[in-house]
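Novice: One structure coming up, written as structure tokens, with questions to follow.
The values are calculated or read from the model by the stated rules, or taken from the named source; none is laboratory data. Predicted model, so just to flag it, every value in this text is computed and none were measured. Positions of Cβ are generated from backbone atoms using ideal geometry, with glycine treated the same way; all protein chains shown enter the neighbour counts.
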Amino acid sequence: MAEIALTQTPAHIRHGSNIGQPLTRRDGILKVTGAAKYAADQHPPGMLYAALAVSSIVRGRVAQLDVAAAKAHPGVVEVITPANRPSLAQDPDEKANPLTFRLDLLQNDRVRYAGQPIAVVIAQTLEAATEGASLLAPRYEVEPVRFGLDAGASFVPQAVGPGFPAQLQHGDVEAELATAKTTITQTYETAEQYHNPMEPHAIVAAWEGDTLSIDTPSQGLAMAQGRLVLLRH
């Protein structure tokens with residue numbers, strides 16, 4: 001593939017932000033030298049491990065879980081299912097902000113998609129939790145899969161994504177540009193950007209009296225804090 005060259009010499013012009021400025025990441029040296037501590041590196045005393053049991057069907061309900069077999073496995077401390085899960089502080093369908101989606105979190109035995117969490121096994125080691133999850137041996141009541149545009153009743157939400165309208169109509173762009181009083185033509189270019197996360201997905205939670213400390217990766221700290229409020233009961 002041929003190299004994509006800039007059309008003109010790039011100019012470092014500040015437009016009220018740090019975009020394009022030569023900034024040094026405070027955590028850069030720690031990460032490239034392996035000295036950075038991620039959430040998975042935190043091991044508070046007495047830490048337990050959680051493993052998810054996920055659905056192997058696309059649609060239906062969980063008819064049975066062998067909770068006794070999972071609890072009998074060495075090292076397993078608890079098994080959380082819709083039968084004993086904690087309640088949420090708010091309705092799981094309530095959107096705390098436009099970017100959030102429904103909080104399933106074992107609210108019932110329904111299965112809406114393949115890979116949906118259907119139980120959580122808590123154990124003294126990650127291996128014990130993973131093995132306990134496999135012992136749940138779920139049985140399902142499978143329902144027909146819905147796919148295609150004619151699979152069910154049409155649903156039009158109030159908004160899509162972060163507040164976008166559910167339906168869009170497009171006019172004649174070329175005609176409008178031709179009659180516009182002012183038009184601006186400009187080329188904007190940016191270098192290639194690659195999303196290569198270095199941190200594994202993990203979360204470590206520790207109670208200290210009435211204070212809950214959480215180590216977890218997040219692209220939106222404020223939104224993550226807001227979601228945690230929904231989990232309190």
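Novice: Say whether the condition of being over 20 Å from the mean Cα position of the chain (by Cα) and more than 27 Å from residue 208 (Cα to Cα) is met by at least one residue in the range 39-52.
Specialist: For the range 39-52, residues over 20 Å from the mean Cα position of the chain (by Cα) and more than 27 Å from residue 208 (Cα to Cα): absent.
Novice: Across the range 26-69, which residue is farthest from residue 134 (Cα to Cα) among those that are part of a loop (DSSP other than H, G, I, E, B), charged (D, E, K, R) and in contact (Cβ under 8 Å) with a residue 24 or more places away in the chain?
Specialist: Looking at residues that are part of a loop (DSSP other than H, G, I, E, B), charged (D, E, K, R) and in contact (Cβ under 8 Å) with a residue 24 or more places away in the chain, I get 59.
Novice: Would you please name the residue that is nearest to the chain's Cα centre (by Cα), looking only at residues in the range 70-88 that are assigned to a strand (DSSP E or B) and among the aliphatic types (A, V, I, L, M)?
Specialist: 80
Novice: Of the residues 128, 153, which is more than 30 Å from residue 52 (Cα to Cα) and either loosely packed, with under 13 Cβ neighbours inside 10 Å or in contact (Cβ under 8 Å) with a residue 12 or more places away in the chain (or both)?
Specialist: Result of the check over 128, 153: 153.
Novice: Can I ask one more? Could you list, in sequence order, all residues of the range 178-233 that are part of a helix (DSSP H, G or I) and loosely packed, with under 10 Cβ neighbours inside 10 Å?
Specialist: Those that are part of a helix (DSSP H, G or I) and loosely packed, with under 10 Cβ neighbours inside 10 Å: 178, 179, 221, 222.
Novice: Pull out all pairs, ordered by first then second residue, where Cβ-Cβ is under 9 Å, the residues are six or more apart or on different chains, the first lies in the range 71-82 and is hydrophobic (A, V, I, L, M, F, W, C) and modelled with pLDDT under 95, and the second is in a loop (DSSP other than H, G, I, E, B) and surrounded by 15 or more Cβ atoms within 10 Å (Cβ to Cβ).
Specialist: none
Novice: Related question: Could you say which residue among 62, 145 is modelled with pLDDT under 95 and either in contact with a Lys or Arg (Cβ under 8 Å, 6 or more places away or on another chain) or not acidic (Asp, Glu) (or both)?
Specialist: One residue alone meets the criteria, 145.
Novice: So which of 184, 203 is in contact with a helix residue (DSSP H, G or I) (Cβ under 8 Å, 6 or more places away or on another chain) and of a type in the set (A, V, I, L, M)?
Specialist: Among 184, 203, only 203 is in contact with a helix residue (DSSP H, G or I) (Cβ under 8 Å, 6 or more places away or on another chain) and of a type in the set (A, V, I, L, M).
Novice: Given the structure, is residue 137 in contact with a helix residue (DSSP H, G or I) (Cβ under 9 Å, 6 or more places away or on another chain), modelled with pLDDT of 90 or more and part of a loop (DSSP other than H, G, I, E, B)?
Specialist: Criteria met by residue 137.
Novice: Of all residues in the range 89-125, which are assigned to a strand (DSSP E or B) and under 14 Å from the mean Cα position of the chain (by Cα)?
Specialist: Correct list: 117 only.
Novice: Follow-up. Could you please find all residues in the range 29-38 being surrounded by fewer than 11 Cβ atoms within 10 Å (Cβ to Cβ) and either within 21 Å of the chain's Cα centre (by Cα) or under 20 Å from residue 219 (Cα atoms) (or both)?
Specialist: Passing the criteria: only 37.
Novice: Suppose the filter is in contact (Cβ under 8 Å) with a residue 60 or more places away in the chain and in a loop (DSSP other than H, G, I, E, B); does residue 146 pass it?
Specialist: Against the criterion (in contact (Cβ under 8 Å) with a residue 60 or more places away in the chain and in a loop (DSSP other than H, G, I, E, B)), residue 146 qualifies.
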